[in-house]
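Student: A single structure is presented below for examination.
The values are calculated or read from the model by the stated rules, or taken from the named source; none is laboratory data. In this text the structure is predicted, and so the values were computed from the model without any measurement. Ideal geometry is used to build each Cβ from the backbone, glycine not excepted, and the neighbour counts take in all protein chains shown. Side chains included, ligands, DNA and RNA excluded: accessible areas come from the protein's heavy atoms. Shrake-Rupley method; radii C 1.70, N 1.55, O 1.52, S 1.80 Å.
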Amino acid sequence: LRLAEELIALLAPLGAPAKLAEAYLRQGDVCTLIRRFDAADRALATALRIARERTDRAAERNVVRSIGLLRSHEGRQEEAIASFEQALAMDHELDEAPAAAADLASLGNIFRRVGRHAEALRALEAALVGLGAEENWMKCSSVKVVIAAVHRDLGNADEALRYLHGLADEGVERRNPIEASIALLQAAHIHLHQGRIEHSLRTYRRTVDLTRRGGHTEGLVLSLRAIGEVLVGLGRYAEALPSLREAAALFAQLED
């Protein structure tokens, strides 16, 4: 945030250069992620105004996408969908296929959150095709995790696990513990609902280990919270407390 503010102070006297819009965009994205939604709204509105004044369609598309992310974090999912659909239309206008695939992935994720499962699967499967497996392995891995979540929502545990199969090991092989842990966390949830309690706990613990070693605070706090809540549900309170206390401290650090 300090860097963004310094950039804005340096660039604003020059009028409305492209880099000023990007500085406001970065400021808005950071404010979204730390849940300062009013500040994010102001920064992104300014970035959008500058992009439109410059008739810079690519910059405008980037801001529209960030507005979609903001609305999603605010819980305003229908507005988020509208923003990502607008960004997707602009991707096609700009003939940017990788960007379109990424926006389809975001749309699919939001469709899943609002229970529009058929639309979610269509968007996510199209995103997988558009991304291409090898050159965008990390993005494809994330999309497969969301597809698995949709199938889990629909009660298709075996289909969900099929999409997750091998992702964790591949993430470790590629020295990407964050992606590995995301797949493991989803698998642990599924094993829990299948009644495979100890297997689920082992998977949660592996997720905690990977996120801790990978320095991925968001993944670590979700893993700690999940394992703590499972242990509470089992009546294993003494085991649950350390994980929950650490999760609470991390949520405070993340200002959540």
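Student: So residue 233 ticks every box in (1) closer than 23 Å to residue 156 by Cβ; (2) open to solvent by 50 Å² or more (accessible area, probe 1.4 Å); (3) small (Gly, Ala, Ser) but one. Which box is left unticked?
Tutor: For residue 233, the exception is condition (1).
Student: Could you list, in sequence order, the residues of the stretch 7-29 that are closer than 10 Å to residue 50 by Cβ, among the small types (Gly, Ala, Ser) and touching a residue at least 40 places away in the same chain (Cβ under 8 Å)?
Tutor: Once the filter is applied, which keeps residues that are closer than 10 Å to residue 50 by Cβ, among the small types (Gly, Ala, Ser) and touching a residue at least 40 places away in the same chain (Cβ under 8 Å), the stretch 7-29 yields 18, 21.
Student: Enumerate the pairs (first residue in the stretch 212-228 and more than 13 Å from residue 245 (Cβ to Cβ) and free of Cβ contacts under 8 Å to residues at least 24 places away in the same chain; second residue anywhere and of a type outside the set (Phe, Trp, Tyr) and open to solvent by less than 20 Å² (accessible area, probe 1.4 Å)) with beta-carbon separation below 8 Å, excluding pairs fewer than 6 apart on the same chain, so at least 6 apart or on different chains.
Tutor: 212/220
Student: Also, I was wondering about something else. When residues of the stretch 76-102 are filtered for being closer than 21 Å to residue 114 by Cβ and more than 20 Å from the chain's Cα centre (by Cα), how many remain?
Tutor: Here the count works out to 1.
Student: Identify all residues within the stretch 160-191 that are hydrophobic (A, V, I, L, M, F, W, C), open to solvent by 50 Å² or more (accessible area, probe 1.4 Å) and farther than 13 Å from residue 216 by Cβ; write none if there are none.
Tutor: 172
Student: Quick one: count up the residues across the stretch 161-198 that are without any contact (Cβ under 8 Å) to a residue 40 or more places away in the chain and under 18 Å from residue 243 (Cα atoms).
Tutor: The qualifying residues number 6.
Student: Going by the structure shown, is residue 95 farther than 25 Å from residue 155 by Cα, open to solvent by 70 Å² or more (accessible area, probe 1.4 Å) and acidic (Asp, Glu)?
Tutor: Considered against the rule, which asks whether it is farther than 25 Å from residue 155 by Cα, open to solvent by 70 Å² or more (accessible area, probe 1.4 Å) and acidic (Asp, Glu), residue 95 comes out as yes.
Student: Looking at the stretch 111-130 only, could you name the residues that are part of a helix (DSSP H, G or I) and surrounded by fewer than 23 Cβ atoms within 10 Å (Cβ to Cβ)?
Tutor: 112, 113, 117, 118, 119, 121, 122, 125, 126, 128, 129, 130 - these are the residues of the stretch 111-130 that are part of a helix (DSSP H, G or I) and surrounded by fewer than 23 Cβ atoms within 10 Å (Cβ to Cβ).
Student: Right, here's the next one. For the stretch 197-246, which positions are within 15 Å of residue 186 (Cα to Cα) and of a type in the set (Lys, Arg)?
Tutor: 202, 205, 206, 225
Student: Every residue in the stretch 236-249 that is hydrophobic (A, V, I, L, M, F, W, C) and surrounded by 13 or more Cβ atoms within 10 Å (Cβ to Cβ), please.
Tutor: Of all residues in the stretch 236-249, those hydrophobic (A, V, I, L, M, F, W, C) come to 238, 240-241, 244, 247-249.
Result: 240, 241, 244, 247, 248.
Student: Moving on to the next point. Looking at (1) crowded, with 22+ Cβ neighbours inside 10 Å; (2) closer than 29 Å to residue 132 by Cα, which is the only condition residue 154 fails?
Tutor: (1)
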